[in-house]
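Undergrad: Structure incoming, see below.
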Amino acid sequence: MSVRLTEGAVEALFKGVEVNNPMLQLLSIRQIGAPSASPRFRLMMSDGQHSLSSVILATQLNYLIEQNLLVPNCVCLLKKIIINTLADGRHVVIVMDLEILQSAEETGGKIGNPTPCSADGKNSSPKKVSSSTSVSASPPSAAVPGTSYSSSNTAFSASGGRGRGFTGKAPVNASPMKASPMKASPMKASPMKASPMKASPMKASPMKASPMKTSPMKASPMKASPMKASPMKANSASPAKAMSIANLNPYQSKWTIRARVTNKSNIRTWSNSRGEGKLFSFEIVDESGEIKITAFNNEVDKFFSLVEQGKVYYISKATLKAANKQYTTLKHEYEMTLHANSSIVPCDDIQGVPTLNCDFVPIAELENRDKDAIIDLIGVCKSAEDVSRITTKSSREVSKRELSLIDTTGKVVTVTLWGDEAEKFDSSGQPVVAIKGARLSDFGGRSLSALFSSTVMVNPDIPEAFRLRAWYDKEGYALDSQSLTETRSSVSGSRMNWKMLSDVKSESMGHGEKADYFSCIATVVYIRKENCLYQACPSADCNKKVIDQQNGLYRCEKCNRDFPNFKYRLLLSANLADFGDNQWVTCFQETAEVLLGHSAEALGQLRDTDEDAFDEVFQKATFRTHIFKNRAKLETYNDECRVKVTVLEVLPVNHREYSRRLLSNIHKLAS
Amino acid sequence: MAGILDVPKPRINCSMLSQHINRAVCFVGRVEKVYPTGKTFSVSDGEGNNATVELNEPLEEELSGIVEVIGMVSNKGAIMATTYDVLREDKGTPFDLELYNEAVKLIHDFPQHYPFEVAASG
């Protein structure tokens, strides 16, 4: 059967007009590029009327030629093509997918008498070719190798653009192309960009799977480099096309991006077994996404002062590698490391580059987020504590400051700032504070902590800030809101393990290897008066019982000394009760004094002087209800195992909080 | 007066007024507005709804803050107070009216666990 060639197709393609599934005859094949690695084939195609020689075969279809399936005079259906426009206006057709409809033998010879299309030879009757649709979205033919290609194919039929097709080695592919006419006129990336590529988010992930760049594409980053060179030196015109951050991947070495610095960290030094060094990192954002950039050692010196948060820069020549999710909260697949050849140049043309990309969470919703989640928050700083200095576990002294932020949900949460940010913070005037990348913790219920990588902005220039300011000035300041972080008493918050006294037995608390800590609300029903006081060693920190030598001296075995005096210390044995059970507990000095309301010394005096008053102290302490924080542990004493409960802290009952807890328990039980 | 003190007086909020018409109740709410006669004032409950309280004698002094009113609910849904008591705001923990409202609702949701009627008579 003879096939009809799509007349007018060549002319249309020559003019850069997309043609849907044109049927063309292959007239000749020419190999171009360096003989090394993958060759590139240039085809001359005809539609019977005209012939077009600027047709390139995508490398994944090279096998068609190598296996002699595609030979001159055969008729093919171009199922998928991309048209690239060169800087001088000429067009090149890249064949991504084709089907051979009729072999050369069947066709016989050349169909028609096609004249070559050239710049001026456009006057043959322009046949209308249905070229309304862009590159056909036909699924890749079975010939296409590799799943990566097929997945990327669909991605780019939707997203068109940067012709991907190879599973091969992109950089190698690039070189032969470079040698070809492409080189003569560096490809402009713009038409590519203009095409559907822009339509869909260029999430480079499918692309990533197979490092792809067809030659013209590769040429564009090529182009970028000469372009890039100029702003570096000339500092005038911006590179025509900056790549989008979302497209960055390790397989492309020459690119330029234009983005704003959103989050710059301080310089951090480290010292471990492998050596030491310093680093700083920053995050950048452009219309397509965000990525993190880190600079080490020498680059720190070079770039730290240059890079300023909030400013826009052109960045190029950095190493891309897979992102280490541990250290970043961004969603980009990769992260960048600056090296000696990296360049960062301030950019004046900031149009289109977004400012901070923040995803603020309303405070009321914080309860629903997981602990340790990284979130962004914005709120009005209702109040702030003073800066305090804390010594950390690693014996470092750090400043810290706690702020209370409130937002339109009416809820308040405490945010902790550390180090310099804590010291610099100015809470006067109830500023709007926005934090990006703070960690949510369940300390005291829900609270936030600024990380090394967080950014704290005071009165930022974003719409949410203005809204908050307006809301706060109108109504927010008067709100007596409920704080998610109950910092006043360290009692509240999820650290409290509320139990009933009956749970001690039913849960066999204390039987495990470690002691069990729990809190409960209970009433004191009895306190043993006898042996509540003992004579202890007067030296500081030594509470050992001293032995009365009967000669006016008291001996402490631990200090191995005799003392003429002693200090009274309390050791109470009390019985607590709640609705379900009783429990004998031991209270040491501090908790005993709280329960009885008197110091050990005073009680010691009272016992010797006024016995009635002494009794009364105990009477008054009985039948009082408190919050007890306890420790239960199984102890062996002379072959006997008993669970001993010690009171660690006694606190007054917070009725409101207790009621709320009871209400929520009831609701839970009822549902 | 003696009569009402012997009878169980369930605690209610505004939404339960209609179910307790002609019965003795105990209502805790915040004083909103005192009428010029001094014999009537409005109170709001923890949910924000309002009710009217009518007294036998006019008030002698300004009333404000949270009050506990004991009385009968009239046909119109007003509370005919036999006695009232002002909760002091200057001492102790401030009264949380919303929390109280939750408790009142709970009592009515689970009458089997809160058998006040039985306790009062027995």
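The values are calculated or read from the model by the stated rules, or taken from the named source; none is laboratory data. Predicted model, so just to flag it, every value in this text is computed and none were measured. No Cβ is skipped: glycine too gets one built from the backbone with ideal geometry, and neighbour counts run over all protein chains shown. Areas reflect the complete protein model, heavy atoms only, side chains present, ligands, DNA and RNA absent. Shrake-Rupley method; radii C 1.70, N 1.55, O 1.52, S 1.80 Å.
Undergrad: Per the 1.4 Å probe, what fraction of the accessible area of the stretch B:4-109, in percent, lies on carbon and sulfur atoms?
TA: 47 percent
Undergrad: Just to confirm my numbers, what's the Cα centroid distance between the stretch A:395-453 and the stretch B:21-94 in Å?
TA: Using only Cα atoms to place each centre, the spacing works out to 44 Å.
Undergrad: Separate question: Quick one: what are the phi-derived ³J(HN,Hα) couplings along the stretch A:15-22, Karplus 6.51/-1.76/1.60 with θ = phi - 60°, whole Hz, x for glycine and proline?
TA: In residue order, the calculated couplings are 7, x, 8, 6, 10, 8, 6, x Hz.
Undergrad: Highest mean first, how do A:590-596, A:361-367 rank when packing is the count of other Cβ atoms within 10 Å averaged over residues?
TA: Going by the mean number of other Cβ atoms within 10 Å, highest first, we get A:590-596, A:361-367.
Undergrad: Going by amide H atoms built from the backbone, whose H comes under 5 Å of the H on B:THR82, apart from near neighbours?
TA: It is B:ILE70, B:GLY71, B:MET72, by chain and number.
Undergrad: Still on this structure: Please name the residues of the stretch B:91-109 whose accessible area, counted over protein heavy atoms with a 1.4 angstrom probe, falls by no less than 10 Å² between the chain alone and the full protein assembly.
TA: B:THR93, B:PRO94, B:ASP96, B:LEU99, B:GLU102, B:LEU106
Undergrad: Can you give the FRET efficiency to the nearest 0.05 for A:TRP471 and A:ALA340, using r as the Cβ-Cβ distance and R₀ = 60 Å?
TA: Efficiency computed from Cβ-Cβ geometry: 0.75.
Undergrad: With a sphere of radius 12 Å drawn around the Cβ of A:ASN543, what net charge do the other residues whose Cβ falls strictly inside it have (Lys, Arg +1; Asp, Glu -1)?
TA: Its environment carries a net charge of +3.
Undergrad: While we're looking at this one, here's another question. Counting heavy atoms of the protein chains only and a 1.4 Å probe, report the per residue accessible area for chain B as a whole number of Å².
TA: Per residue, chain B has an accessible area of 59 Å².
Undergrad: Show me the ranking of peptides B:93-103, A:245-255, A:40-50, A:78-88 by mean Cβ neighbours inside 10 Å, starting with the highest.
TA: A:40-50, A:78-88, A:245-255, B:93-103
Undergrad: If you don't mind, there's one more thing I want to ask. I need the trypsin sites (Lys or Arg not before Pro) found in the stretch A:555-619, filtered to DSSP loop residues with at most 12 other beta carbons within 10 Å of theirs.
TA: Counting only loop positions with at most 12 other Cβ atoms within 10 Å, the trypsin sites (Lys or Arg not before Pro) in the stretch A:555-619 are A:LYS558.
Undergrad: Consider all pairwise Cα distances in the stretch B:4-109 and report the whole-number % of them above 25 Å.
TA: 14 percent
Undergrad: Output the pairs from A:LYS499/A:LYS529; A:LYS15/A:LYS311; A:LYS382/B:LYS91 with a Cα-Cα distance over 32 Å in this structure; if there are none, say none.
TA: A:LYS15/A:LYS311
Undergrad: So which GluC sites (Glu not before Pro) in the stretch B:1-72 are both in a DSSP loop and have at most 16 other Cβ atoms within 10 Å of their Cβ?
TA: B:GLU47, B:GLU60, B:GLU61, B:GLU62
Undergrad: Let's test the formula: R0 of 22 Å, r as the Cβ-Cβ distance of A:SER506 and A:SER664. What FRET efficiency results, to the nearest 0.05?
TA: 0.55
Undergrad: Multiplying the sequence separation of A:GLN549 and A:ARG389 by 0.36 nm and subtracting their Cα-Cα distance, what value in nm do you get?
TA: Full extension from A:GLN549 to A:ARG389 adds 52.9 nm.
Undergrad: Let me ask something else about it. Can you give me the long-range amide H partners of A:ARG561? Hydrogens built in the peptide plane at 1.01 Å from N, cutoff under 5 Å, separation of 5 or more residues or another chain.
TA: A:CYS556
Undergrad: While we're looking at this one, here's another question. With angles folded into 0 to 90 degrees, how steeply does helix B:97-109 sit against the dominant principal axis of chain B? Use alpha carbons for both and round to 10.
TA: Compared with the principal axis, the helix lies near 30 degrees.
Undergrad: Please give the total accessible area that chains B and A bury against each other, computed with a 1.4 Å probe and expressed in Å² to the nearest 100.
TA: Its buried surface, counting both partners, is about 700 Å².
Undergrad: Could you derive backbone 3J(HN,Hα) for the stretch A:657-671 from the dihedral phi with the Karplus parameters 6.51, -1.76 and 1.60 (θ = phi - 60°), listing whole Hz in sequence and x where the residue is Gly or Pro?
TA: Per-residue couplings from phi come out as 5, 5, 4, 5, 5, 5, 4, 5, 5, 5, 4, 5, 5, 6, 7 Hz.
Undergrad: Continuing with the same structure: For A:ILE293, enumerate residues with amide H under 5 Å from its amide H, sequence gap 5+ or separate chain, H modeled in the peptide plane.
TA: A:PHE282, A:GLU283, A:ILE284, A:MET336
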